[in-house]
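The values are calculated or read from the model by the stated rules, or taken from the named source; none is laboratory data. Since we're looking at a predicted model, the values are computed, not measured. Here Cβ is always computed from backbone atoms with ideal geometry, including for glycine, and neighbour counts include all displayed protein chains. Keep in mind that these areas ignore ligands, DNA and RNA; they rest on the heavy atoms of the full protein, side chains included. Shrake-Rupley method; radii C 1.70, N 1.55, O 1.52, S 1.80 Å.
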Amino acid sequence: MTSRLILLCLLASFTLHGQYPKRELRGVWIATVQNIDWPSPRNYNAIKQQEEFLDMLNSHQQTGINALFVQVRTAADALYSKSEEPWSAYLSGLQGQAPKPNYDPLAFMIQESHARGIEFHAWLNMNRASMSTKNLLAANHIVRKHPEWMVIYNNQHLFNFGIPAVRHYITQVVKNIVQEYDVDGIHFDDYFYPYPIKGAHFNDDEAYAQYKLPNESLADWRRRNINLLIEEISSTIKSVNPRVKFGISPFGIWRHKSSDPEYGSPTSRGLQSYDDLFADTEKWTKSGWLDYLAPQLYWGTTHRVATFGPLAKWWSEHGYGKPVYIGHAAYHLNDQWNAAELSKQLTQARSLDQVKGSIFFSSSQLTNNAKGWRDTLRSTHFKHMALVPPMPWIDSIPPTAPHKVSLLKQSGKWTMRWQAGEPSLDKDPAAYYVVYRIHRTEGIRGIQNAANIIYKGQKTEYLIDPSEMQSGHGFVVTAFDRLHNESPAGTIQWIVPNSN
């Protein structure tokens, strides 16, 4: 092979792997508040709710989505049965009333997601106790039980994070989910202290007077409250199940350069989460409390105040060793954006070292194929399957290689079969397997090419399509554990010429 041809091959390989990374989180937020994504408004039939979810899930699987972030707590309520908080009104029309026929939506969604090889992250709203002070609340709702924990702001009941018992209560809600459900992660959005409203006062004066440190400003006290809560939730998750991931999706601007010359982002106007929401993501990541960040970069690539590209670069540089998943505003497809804008964002995000994936808000724009975006993902950006990146600080021990790999022809059909390998060092079983179709010139390096993935699933056999049986190619299988560590390859099964 000439040097020019080698260079062209390397460039082609670089382009392919860059456009189609093998490891990339591809997520969607599924909002249940006000029935934004699921279940549909006034769908109070549990069987139809399950059918709707399966249709949505299957659509996302076909698109290449590998992680769901589903809102299971909207306002001190629950879309799951094993909870001290009342059933969400978005399921039945009446808070506290169980679905009919009765089922556990969270257990159902987890089971169906995992059956398709899709991660399930339980998304909880942290600060809301009611959507409106006029809502009809169940008798056991926390507003009724502990009105002294609440601050009424913008006609909503909000938790007062300055009260230690409030922080402990929220932590116990998280602990219960981690104990009772097989979730892959716990996820919070950008609602800490509320977004400021001009002329409105968040009245936590009494708690501030009681719990502040000497000479501690109100802003520093509020940030300390959120820091204590994040730390308590993090340590609780890891004590109950250290394999569960913990991540947060903050507002897209932490602080401006003008506010913090050393650490601030290249912005100068707009809300700052550190100053206005009292959310110090810098401290959380540096302290190791989080496993990932998913900043909400809901501005376009040509936005004059908060431009997508520079902000994405800033967040990539402030992950401190943990992955950053960019939150994209797919909902803008309903107004001023088109698919080309989101394509630009994905391309820019993929060029950044610590950006390891994207999450779209919200699910409906993908399932409804708004402005052709779902089709664009399937045909271009997500053309080939991607695997969730591992998190070695949680688990770095891979499974052992699959055993007894064979390629056999029976009744005119070729089938690849294998068996689970020996137990790994940490005794984690294989969660799923991946089969690659590689060319002999690639050798085992072919498993790094996402375009070569032809199967991902829990089965230990794969029926090969006749079009894949071409001389010069072979098949290889690897095992993955729950945290997506990949085993060494099993024995490569090369296609023998004229084997068809």
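Can you give the % of DSSP beta bridges in the chain that are antiparallel, to the nearest 5?
Counting DSSP beta bridges with both partners in the chain, the antiparallel share is about 45 percent.
Can you tell which of Leu366, Gly412, Leu333 lies farthest toward the positive end of the dipole of region 305-427, using +1 and -1 charges on the Cβ of basic and acidic side chains (Lys, Arg; Asp, Glu)?
Working it through, the farthest residue towards the positive pole turns out to be Gly412.
Provide the solvent-accessible area of Arg128, counting protein heavy atoms only and rolling a 1.4 Å probe, rounded to the nearest 10 Å².
The accessible area comes out at roughly 20 Å².
What do you reckon, how do His157, His201, His141 stack up by accessible area (1.4 Å probe), largest on top?
His201, His157, His141
I'd like the FRET efficiency for Leu54 and Gln19, computed as 1/(1 + (r/R0)^6) with the beta carbon distance as r and R0 of 30 Å, rounded to 0.05.
Between Leu54 and Gln19 the formula returns 0.45.
Report the local net charge at Asp291: Lys and Arg +1, Asp and Glu -1, summed over other residues whose C-beta lies under 13 Å from its C-beta.
+2
Rg to Rh for the chain: what is it, with Cα atoms only and Rh by Kirkwood?
Ratio of gyration radius to Kirkwood radius: 1.00.
Please report the relative contact order for region 260-372, taking Cα pairs under 8 Å with a sequence separation of at least 6, and give it as a percent rounded to a whole number.
25 percent
Diagonalise the Cα gyration tensor of region 72-112 and give the resulting equivalent ellipsoid semi-axes, square root of 5 times each eigenvalue, largest first, whole Å.
Rounded to whole Å, the semi-axes are 15, 12, 8.
Any idea what log10 I(q)/I(0) is at q = 0.19 Å⁻¹ for region 265-331, Debye with uniform C-alpha scatterers and no solvent?
-0.79
Read phi for every residue in region 400-412 and hand back ³J(HN,Hα) as whole Hz from Karplus 6.51 cos²θ - 1.76 cosθ + 1.60, θ = phi - 60°, with x for Gly and Pro.
These are the phi-based 3J(HN,Hα) values: 7, 5, x, 9, 6, 6, 9, 10, 10, 9, 9, 6, x Hz.
Starting from the Kirkwood radius over alpha-carbon pairs of region 269-411, derive D by Stokes-Einstein at 4 °C in a medium of 1.567 mPa s and give it in µm² s⁻¹.
Estimated diffusion coefficient is 74 µm²/s.
His168: net charge of surrounding residues, Cβ under 13 Å, Lys/Arg +1, Asp/Glu -1, itself excluded?
Every neighbour counted, the sum reads 0.
Compute, for Met385, the solvent-accessible surface of its heavy atoms (probe 1.4 Å) with the complete set of protein chains present, and express it in square angstrom to the nearest 10.
Counting only protein heavy atoms, Met385 exposes about 70 Å² to solvent.
Can you sort Ser424, Ser396 by 1.4 Å-probe accessible area, starting with the largest?
The ranking, largest first, comes out as Ser396, Ser424.
Stokes-Einstein at 4 °C, 1.567 mPa s, Kirkwood radius from Cα pairs: D for region 138-241 in µm² s⁻¹?
Answer, rounded: 85 µm²/s.
Heavy atoms of the protein only, probe of 1.4 Å, neighbouring chains included. What is the accessible area of Lys356 in Å², nearest 10?
70 Å²
Could you work out the relative contact order of region 436-498, using alpha carbon pairs under 8 angstrom and six or more residues apart, expressed as a whole percent?
33 percent
Take the alpha carbon atoms of region 81-133, find their center, do the same for region 259-286, and report the distance between the two centers in whole angstrom.
32 Å
Check the straight Cα-Cα distances from Lys245 and name the lysines below 28 Å, setting aside those fewer than 8 residues away within the same chain.
Within the straight-line limit of under 28 Å, Lys245 reaches these lysines: Lys22, Lys82, Lys175, Lys283, Lys286, Lys313, Lys322, Lys356, Lys383, Lys427, Lys456, Lys459.
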